[in-house]
Amino acid sequence: MATLTRSAVRAALLGAGLLVASQALAQQQKITVAWYGGNWGDAFRTCVAEPYTKATGVTVVPEVGTSTTTLAKLQQQKGAPTIDVAWMDGGISELAAEAGVLDTLDPGAIPNMKNVIDQGLYRNGGAAYAVSSGYYSLGIAYNTKDVPQPPTSWKDLWKPEYAGAVAIPSPANSSGVPFVFFLARVFSVDPSNLAPLYSKLASLDTALFFDSSGAATNAYQSGEAIIGAHFNVGAWDLIDKGLPIGFAVPKEGAWATDARLHLVKGAPNKAAAQKFIDTALTQEAAACLATRLYLGPAVKDVQVPKDVARKLPWGADGSVKNLSLFDWNIINSRRAEVTDAWNRQVARKR
């Protein structure tokens, strides 16, 4: 009887161990990833989430929202997050790092980090907190029926024939605050005193200040806006769908930033989340995102068709070195000030 009892105990312990293991495995069968809406989210699903799920069996549950919305959620969930991985834009990424909601990216657990260009890894000290999944630029989108000649300058947005049909980003959009500083360059306004620029923006007869890329796309698609700022990603998506939209890089240039991946601090499914980020850093994923979104790859040696290459933010033969990138620490240090001034001096005067 003693032998049987010991055998029964061993069997019970083994069963309990298997049960615990299976429960742990079940918990790893799902991760939550914050990403953007519209064609961005569709591309992230196709290029990263679906290959990841096919390889691992882990389901990806999207948490759709803008970068600022995602950061707000991470701050609310600090200490007990439900999101494992988050895509956020440059600028918001730095704010998330300051807020203490991001974990360190470990090259040992994410070996494909070695495939990323130096500019695409963002560090505090020696530790990486974000990695780029591709660059995009902000230029001018326009309706080719209403605006037959491509605009050549950002100042064209103030032409009287476009009154009431112009779209530009609000500070709620990740491009909104840097756009203010970019326009300061265009109009030769001293960035230490932006009051003249706010007056100029207040005089612009707009159809809308867009909070999200999707809202801008909808405005150009519906005809609510016939000209204004838009990302190369959104503009080319409309062009590829056969809509009468053009995309121009004015003589003053276009500024650029990137979409970045982050591991959430305290992620409930950390190992699975790290594998997801690793999947996003393959050449296959980067080429897919370049093809679907025209994101300039941060992964080295990515090959894309010529028709795709010409639509990347740096053009057919350029690289990240050709982009006009801002120092986000400077931008962020004045974000609250610019947002407040915009709300008082621009938005309320519409």
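The values are calculated or read from the model by the stated rules, or taken from the named source; none is laboratory data. A quick note: this is a predicted structure, and the numbers were derived from the prediction, not measured. Reconstructed Cβ throughout: ideal geometry from the backbone, glycine too, with neighbour counts over all protein chains shown. Accessible surface is based on the protein model in full, side chains and every heavy atom, while ligands, DNA and RNA are left aside. Shrake-Rupley method; radii C 1.70, N 1.55, O 1.52, S 1.80 Å.
Among helices (runs of 4 or more DSSP H) entirely within the stretch 265-309, having at least 2 residues that are over 18 Å from the mean Cα position of the chain (by Cα) and under 24 Å from L138 (Cβ atoms) singles out 306-309.
Kindly establish whether P268 is surrounded by fewer than 22 Cβ atoms within 10 Å (Cβ to Cβ) and either under 25 Å from K155 (Cβ atoms) or at pLDDT below 95 (or both).
On the way: surrounded by fewer than 22 Cβ atoms within 10 Å (Cβ to Cβ): yes; either under 25 Å from K155 (Cβ atoms) or at pLDDT below 95 (or both): no.
Here the answer is no, as P268 does not meet what is asked.
Scanning the stretch 233-264 for residues that are of a type outside the set (D, E, K, R), over 11 Å from G134 (Cβ atoms), in contact with a helix residue (DSSP H, G or I) (Cβ under 8 Å, 6 or more places away or on another chain) and in a helix (DSSP H, G or I) turns up G234, A235, L238. Restricting to the stretch 114-144, and then to whatever is of a type in the set (A, V, I, L, M) and in contact (Cβ under 8 Å) with a residue 40 or more places away in the chain, can you tell me which residue is surrounded by the most Cβ atoms within 10 Å (Cβ to Cβ)? The qualifying residue surrounded by the most Cβ atoms within 10 Å (Cβ to Cβ) is A141. Does T217 qualify as being over 22 Å from S170 (Cβ atoms), of a type outside the set (A, V, I, L, M, F, W, C) and in a helix (DSSP H, G or I)? No; evaluated as a whole, the condition is false for this residue.
Inclusion of R344 among residues that are outside any loop (DSSP other than H, G, I, E, B), open to solvent by 70 Å² or more (accessible area, probe 1.4 Å), farther than 15 Å from V85 by Cβ and touching a residue at least 40 places away in the same chain (Cβ under 8 Å) is not warranted. The residue of the stretch 232-248 that is surrounded by the most Cβ atoms within 10 Å (Cβ to Cβ), among those that are of a type in the set (A, V, I, L, M, F, W, C) and under 20 Å from the mean Cα position of the chain (by Cα), is A235. Looking across V177, V147, one residue alone is within 21 Å of the chain's Cα centre (by Cα), β-branched (V, I, T) and open to solvent by less than 10 Å² (accessible area, probe 1.4 Å). It is V177.
Suppose we filter the stretch 37-49 for residues that are open to solvent by 20 Å² or more (accessible area, probe 1.4 Å) and of a type outside the set (G, A, S); how many remain? Outline the logic, then answer.
Of all residues in the stretch 37-49, those open to solvent by 20 Å² or more (accessible area, probe 1.4 Å) come to 37-39, 42, 45-46.
Applying the additional criterion that residues be of a type outside the set (G, A, S) yields 39, 42, 45-46.
Selection size over the stretch 37-49: 4.
The set of residues in the stretch 321-341 being hydrophobic (A, V, I, L, M, F, W, C) and surrounded by 14 or more Cβ atoms within 10 Å (Cβ to Cβ) consists of L323, L325, F326, W328, I331, V338, A341. Per the conditions (1) at pLDDT 95 or above; (2) of a type in the set (S, T, N, Q); (3) farther than 25 Å from T282 by Cβ, the sole criterion not satisfied by S175 is (1). Among the residues making up the stretch 93-113, a single one is closer than 18 Å to V48 by Cβ and open to solvent by 40 Å² or more (accessible area, probe 1.4 Å): P111. Give the residues of the stretch 76-92 that are outside any loop (DSSP other than H, G, I, E, B) and exposed (fewer than 14 other Cβ atoms within 10 Å of the Cβ), sorted by residue number. Across the stretch 76-92, the qualifying residue is only Q76.
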